Amino acid sequence: MDFELTAEQKRLRDRCLELAADFATRSAAHDRDASHPIENYDRLRKEGFLHLTIPRQWGGSGFNFLSHTIAYEALGRGCPSTALAFNMHASVVMPILESDEVTIEAKRRIADLVVRQGKMIGGNFSETGHTSLIGERPLSVRARPVTGGYRITGRKMFASMIQAADYVLVLVYPESATTQTAGMLAMIPPDAEGRRVIANWDTLGMRATRSDSLILEDCFVPDESVFYRSDDIRPFRNTGASWFWGSYTAVYLGLAGAAYDELRKVVTERRPEGYAQPLAWHPDVRRHIAELSVDLDAARLITYRSAWLRDQQGPTPEATAAMFRAKYVVGVATSRITRVALTLGGAHGIFKGSRLEQLFRDGALAEIQPPPADFCLWNLGLHELGLDAVDALPPMRPL
Ligand SMILES: Cc1cc2nc3c(=O)[nH]c(=O)nc-3n(C[C@H](O)[C@H](O)[C@H](O)COP(=O)(O)OP(=O)(O)OC[C@H]3O[C@@H](n4cnc5c(N)ncnc54)[C@H](O)[C@@H]3O)c2cc1C
């Protein structure tokens, strides 16, 4: 197996590392203020990242999923919040462009918005009553059919970059549907009547993603702003899982790499009074670094392979299982690497403004970020044992 990156992938990675170095200079300030990193988004827009993975037939740059993974790992090293929130754009646009269930006309419209008009699109699927421990997420936000479109009412939650994006794609339940699994994706601009945001994202980590709550009150959406509708959204969700879920893994991988590098820098530079050598020479430090290097390399190889598999096979069960495996491994590795980095950084590293302190808090979200660690293992267990999810008992007693 050849793990060598192509020349094009190396150029992309280096370009992303340059951007990351710039983003890193403002990362602590955006973290402290929980502010939208607008200037970073603008830079990413200018550098063509809105259409990085959009196929060439739609006018995009046509990079594959592995290249996206390499790019977002590099971006995640600078300002993890910027990379995580900006990835929301690709994570909702790409499943639409790749789905057989979406009409060519709808694909043309979204490609036009992104490639020609340069629009940045957020996505909001989550609601207050949802848990990502369970795959099924009943939708309480309702779309009532009216002449020329729909009126949408309800409360969504965790909408990354909601006030910085040009539009948000919202998953809602069409009232005229007859099945519980129905859903519809509607695009809503910031100035839509009946749309407002509750800025309640004051969180432990990933603060600059500003994943605020979205309130829709009889908000009108014209028919042409509906990009997908189905009586059963599960196939769409499954075929798009690498984008909806797997594309975030790379950001946490980058974060873990940044914490690892920062730790090596700290222990190499810090020399305690009375000693001729820095902390790097301490045998416990060396051992910890060796262990973290194993975690990081394993996480990276599993992640790259899962992305490569997705490019080779598309959304096969094997590729989806590899996606869950990668997210699980990266989540655990990020938790461990950021925790050990904080510990070895010592009390000097726990002050606000310290890079290790911020990466520790951002990294604490790695296992929580959907798909969370337990949900990954749930799916992997079913896959490895050849069990059909529909035959598995519900984890708790249903109503
Ligand atoms: C950094 C970040 C960015 C995100 N960005 C987006 C985005 O852009 N778009 C999007 O759609 N989603 C986004 N999400 C949300 C994500 O997809 C999940 O849906 C969300 O995290 C909820 O799932 P959970 O398992 O964390 O739920 P939990 O918070 O664990 O909730 C589990 C269940 O317990 C209930 N509960 C009630 N009270 C409480 C309480 N006090 N504490 C905890 N649980 C309670 C909840 O209602 C829920 O039913 C983001 C999440 C993170 C961490």
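Listing 114, 93 from fewest to most neighbouring C-beta atoms within 10 Å gives 114, 93.
The phi torsions of segment 122-137, fed into the Karplus equation with coefficients 6.51, -1.76 and 1.60 and a -60° offset, translate into couplings of x, x, 9, 9, 6, 10, 4, x, 8, 10, 7, 6, 10, x, 6, 10 Hz, rounded to whole numbers, with Gly and Pro shown as x.
When only Cα pairs below 8 angstrom with a gap of at least 6 residues are kept, the chain shows a relative contact order of 17 percent.
Annotation: the residues 288, 348, sorted from fewest to most other C-beta atoms within 10 Å of their own C-beta, follow the order 348, 288. Peptides 145-156, 249-260 ordered by packing proxy, namely the average of other Cβ atoms within 10 Å per residue, highest first: 249-260, 145-156. Using a Gaussian network model of the chain in which every pair of alpha carbons under 10 angstrom is joined by a spring, one finds that among 358, 180, 369 the greatest mean-square fluctuation is at 180. Pairs exceeding 31 Å between alpha-carbon atoms, taken from 46/107; 119/352; 119/265; 156/265; 10/265: 119/352; 119/265; 156/265.
Read the figures in this text as sums done on the coordinates, not as results from a lab. Not measured: the values here are computed from a predicted model. Counting neighbours? That spans all protein chains shown, and the Cβs are built from the backbone with ideal geometry, glycine included.
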